[in-house]
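Below: one structure, written as structure tokens.
The values are calculated or read from the model by the stated rules, or taken from the named source; none is laboratory data. Since we're looking at a predicted model, the values are computed, not measured. As a convention, Cβ positions derive from the backbone with ideal geometry for all residues, glycine included, and neighbour counts pool all protein chains shown. We work out accessible area using only protein heavy atoms, side chains counted, and drop any ligands, DNA or RNA first. Shrake-Rupley method; radii C 1.70, N 1.55, O 1.52, S 1.80 Å.
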Amino acid sequence: MEVIVLGSEAYEQIKKEVIITVKKAIRDIRNEALAHEDPAKDWLTREEAQQLLGIRSKTKLQELRDFDEIVYSKAGKVIRYSKKSILEYLDRNIVTYNS
């Protein structure tokens, strides 16, 4: 068996590169799946949008609408949220790994 020894700086650099590569692969796979999805399935209810965002507050969802962070559609009193815009919002707000 061969043993490879890395310095801590080299290890941290490799770790960061792997994390970046995995995140990009996940984003690419998700975007590919969304590109082939039925556009009618893009619109989510309030509950579905909150679940996807990982929030429980209706107020936070309202804030995201008010600041044009996510796309929504309103027909009468019914509001639907764009799944694609929520995923883009989450991508824009990724916190990078810092050790």
Any idea what angle helix 83-92 forms with the longest principal axis of the chain, computed on alpha-carbon atoms, 0 to 90 degrees, nearest 10?
40 degrees
Charged-residue dipole, Cβ positions (Lys, Arg, Asp, Glu), region 4-93 about Cα centre, Debye nearest 20
400 debye
Sort Ser82, Ser8 by heavy-atom solvent-accessible area, probe 1.4 angstrom, most to least.
Ser8, Ser82
Working out 0.36 nm times the residue gap between Glu17 and Ser57, then minus their Cα-Cα distance, what length gain in nm do you get to one decimal?
10.9 nm
The chain: most fluctuating residue of Lys74, Lys24, Lys16 per GNM, C-alpha cutoff 10 Å
Lys74
List the lysines whose Cα sits under 25 Å from the Cα of Lys58, skipping any in the same chain fewer than 8 residues away.
Lys41, Lys74, Lys77, Lys83, Lys84
Carbon and sulfur atoms: what percent of the 1.4 Å accessible area of the chain do they account for?
55 percent
